[in-house]
Amino acid sequence: MKKKSTMAWISEFIAPYRFYYIASVLLAFASVIFGFLPYFYIGQIIRNLLNGLKDEQVYLQACLWMAVFWLVYAICHALSTALSHKATFVVLADIRFRLTEKLAKIPLGSVLGQSSGSYKNIIVERVDAAETTLAHIIPEFTAALIGPLIALFYMMKLDWRLTLLSLLTLPIGILFYANMLRKSKGDYENTVVKTKALNDTAVEYINGIEVIKVFGKEKFSYQKFVTAAKEGADCFIEWMRKCQFDMAAVTVIMPSVFMILLPVGTYFVYSGSLSQDNFILLLILSMGLLTPLITLGSYMDDIRKVHTIFGEITEILERPDLKRPQELSQELHERDIILKNVSFAYEKGKEVLHDISLTIKSGTVNALVGPSGSGKSTLAKLMASFWDVKSGSISFGGLDIRKIPLEDYSQWIAYVSQDNFLFNDSILENIRLGKPSASDEEVYQVAKDCGCYDFIMDLENGFATQVGSSGGSLSGGERQRIAIARAMLKDAPVVILDEATAYTDPENEALVQSSIVQLVKDKTLIVIAHRLSTIADADQIVLVNEGHLEATGTQEELLSSSDLYQKMWQAHLSVRDTDQDEKIGGLAHA
Ligand SMILES: Nc1ncnc2c1ncn2[C@@H]1O[C@H](COP(=O)(O)OP(=O)(O)OP(=O)(O)O)[C@@H](O)[C@H]1O
């Protein structure tokens, strides 16, 4: 697919609000004209003064008209800026919506491949940085371009020789400006990269504050942050260092045209080829000619910035969606999940699952087991449709899951992971997320079924308790039980469960386990099992090893047929606490 240019993207974003921008440009145009009209009166006043006119009325009238035009100029300018800002803030909000919508549509792997800090940086700061350019450049660029053109036209009428002389320093200024742009090429992009790194380190520092404290890594982590901050500052300083000489040259050389205009103009006046009043007016106008042109140059930098910013935004927007149809094309049969010759790689050339064929029968308990890194979670996530398989197929109810609308499929699958994310909202709303239409009573009931009603009611604000960012104000077990209640409310026929590797205490483990038993009643369960005792009665154990399907069967079958399973079982027996396992019980259907 051909990539869209930055301009094409910007046009697409601003298209719904183009009338605001057009109105803003027209008003900017009007403001330039009205801002220029007072110069006619300045010329008139100078002329009258030099001619010795002593009629106050004439001066008063000229001043009055100047004030009126200035007022109209100010109103047009304010309206133009207000319109462009209004449109820009809506455009920026749209861009943010599109970015967040896009993150929900692309494969999960594509989202997880980048740190949350850098997403936050793009969605919040980078989008914000586009505001200056979009809101200011459109009206101000117009004004900075048209203003000097009108001035130039008027000056040519007054005296073409001095007008051309007043432009003498322009090419020199442009040369310095071009040199500055050439030298600092890539510097803005560099500051973007360094700022991103700084963001990532800051987010990592804050998210990992517990680990940092526990392992006494304050110095190390703080140093990492300091280094990122210093590198960020250094690259800004370097950028400024490269620009300062040329920029200073532009600001000094361009207005120095006076050094030429004054002697030459004085000569013209004395030789009688230029009137005094026109000379003074030309001097004033030549000032107004160069300042907007210098401003125009500074917009070039902004345009370059916006190119980088939109490059980052559109890189996300152009990522391919997880392709799914809008509607189901056929009725689904039995809700079996069937994998046929499934292979998968996160990165090109690094296949992590190889040619897996497997049937998960509807209503059965299935355990995915295997050594660490063997591919259990990847397999489960493929079944949950978080990614698309690279080859082979996964079907649900007889239909390839790529042909099932994501919305439908997510209704049928409940994925309960170890790090259950809770939103910074009340417990009630966090559970209700499983079924947005659920009444408060339904939420209470599911909390009772899951065995978390009592602990919630013991909290000071009960179900209205705010859980804090990522559920930080609750214990790990409490968070997990709320996430299970959420999944239970969803009442999906298939539950994929990433069993916790470690529990803090046996009592909590028993509570979590019993809520899981409630959750999976009469459902298809696919559990990524880390402790074999909990899945001894599973209908099917799927043993994965190094991305290959090693064996499938009941525990009895695997104990007699698979060496690897035997070894894992022996290892498990040597560490398990029999009493505890009895208390907890397994995951088989009751
Ligand atoms: N997002 C990812 N990007 C790249 N590689 C990944 C990603 N997630 C997992 N992997 C790799 O895929 C392989 C299988 O990982 P997976 O998490 O599926 O194994 P697992 O059996 O669930 O491991 P564990 O029991 O330790 O959780 C590993 O080599 C892992 O490094």
Original post:
Can you name every residue in region 297-348 that is farther than 30 Å from PHE13 by Cα, without any contact (Cβ under 8 Å) to a residue 24 or more places away in the chain and either part of a strand (DSSP E or B) or of a type in the set (Gly, Ala, Ser) (or both)?
Top reply: GLU347
Original post:
Of SER385, SER343, SER357, which residue is of a type in the set (Ser, Thr, Tyr), within 30 Å of LEU474 (Cα to Cα) and away from the ligand (no atom under 11 Å from the Cβ)?
Top reply: SER385
**OP:** Scan region 534-563 residue by residue and report those that are away from the ligand (no atom under 16 Å from the Cβ) and charged (D, E, K, R).
**Re:** ASP537, ASP539, GLU556, GLU557, ASP563
**OP:** Please enumerate the residues belonging to region 523-533 that are of a type in the set (A, V, I, L, M, F, W, C) and more than 16 Å from the ligand (Cβ to nearest atom).
**Re:** LEU525
Subject >> Among the candidates GLN411, GLN418, residue that is within 13 Å of the ligand (Cβ to nearest atom), surrounded by fewer than 17 Cβ atoms within 10 Å (Cβ to Cβ), outside any strand (DSSP E or B) and not charged (D, E, K, R) >> reply: GLN418
Original post:
In region 519-531, which residues are modelled with pLDDT under 80 and crowded, with 17+ Cβ neighbours inside 10 Å?
Top reply: LEU519, VAL520, HIS530, ARG531
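Let's see how each residue does on (1) within 29 Å of the chain's Cα centre (by Cα); (2) of a type outside the set (A, V, I, L, M); (3) not assigned by TED's automatic domain parsing to the domain that holds TYR346:
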{"residue": "ALA8", "(1), (2), (3)": "yes, no, yes"}
{"residue": "ILE14", "(1), (2), (3)": "yes, no, yes"}
{"residue": "TYR20", "(1), (2), (3)": "yes, yes, yes"}
{"residue": "PHE36", "(1), (2), (3)": "no, yes, yes"}
{"residue": "ILE42", "(1), (2), (3)": "no, no, yes"}
{"residue": "ALA74", "(1), (2), (3)": "no, no, yes"}
{"residue": "THR100", "(1), (2), (3)": "yes, yes, yes"}
Original post:
With (1) under 20 Å from THR524 (Cβ atoms); (2) at pLDDT below 85; (3) not basic (Lys, Arg) as the list, and ALA485 as the residue in question, which single condition is left unmet?
Top reply: (2)
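Looking at LEU399, LEU406 in this structure, which one is out of contact with any strand residue (DSSP E or B) (no Cβ under 9 Å at 6 or more places or on another chain) and closer than 14 Å to ASP336 by Cα?
Answer to the check: LEU399.
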**OP:** Quickly run through region 360-382 and pick out the residues that are more than 6 Å from the ligand (Cβ to nearest atom) and either part of a loop (DSSP other than H, G, I, E, B) or under 32 Å from the mean Cα position of the chain (by Cα) (or both).
**Re:** LYS361, SER362, GLY363, THR364, PRO371, LEU379, ALA380, LYS381, LEU382
Subject >> Criterion: within 30 Å of THR133 (Cα to Cα) and either modelled with pLDDT of 90 or more or not aromatic (Phe, Trp, Tyr) (or both) - qualifying residue of GLY35, GLY52 >> reply: GLY35
Original post:
Counting just the residues of region 178-212 that are in contact with an Asp or Glu (Cβ under 7 Å, 6 or more places away or on another chain) and closer than 22 Å to SER256 by Cβ, which one comes out surrounded by the most Cβ atoms within 10 Å (Cβ to Cβ)?
Top reply: MET180
Original post:
Taking interchain pairs and intrachain pairs at least six residues apart, which have beta carbon atoms under 7 angstrom, with the first residue in region 358-375 and under 14 Å from VAL520 (Cα atoms) and the second outside any strand (DSSP E or B) and within 16 Å of the ligand (Cβ to nearest atom)?
Top reply: ALA367/ALA529; ALA367/ILE535
Subject >> Some residue of region 250-267 being in a loop (DSSP other than H, G, I, E, B) and hydroxyl-bearing (Ser, Thr, Tyr) >> reply: no
**OP:** Scan region 490-509 for residues that are of a type in the set (Gly, Ala, Ser), at pLDDT 85 or above and within 16 Å of the ligand (Cβ to nearest atom) and jot them down.
**Re:** none
**OP:** Tell me which residues, restricted to region 307-340, are within 16 Å of the ligand (Cβ to nearest atom) and not hydrophobic (A, V, I, L, M, F, W, C).
**Re:** ARG319
**OP:** Any residue in region 426-443 that's in the same structural domain as ALA483 (by TED's automatic domain parsing) and surrounded by 15 or more Cβ atoms within 10 Å (Cβ to Cβ): show its pairings with residues that are among the basic types (Lys, Arg) and assigned to a helix (DSSP H, G or I) at Cβ separation under 7 Å, as long as the two are six or more apart or on different chains.
**Re:** ASN430/ARG486; ILE431/ARG486; LEU433/ARG486; GLY434/ARG486; GLY434/LYS490; LYS435/LYS490; ALA438/ARG432; VAL443/ARG432
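The values are calculated or read from the model by the stated rules, or taken from the named source; none is laboratory data. All figures in this text were calculated on a predicted structure; none of them were measured in a lab. Using ideal geometry, Cβ is built from the backbone for each residue, glycine included, and neighbour counts are taken over all protein chains shown.
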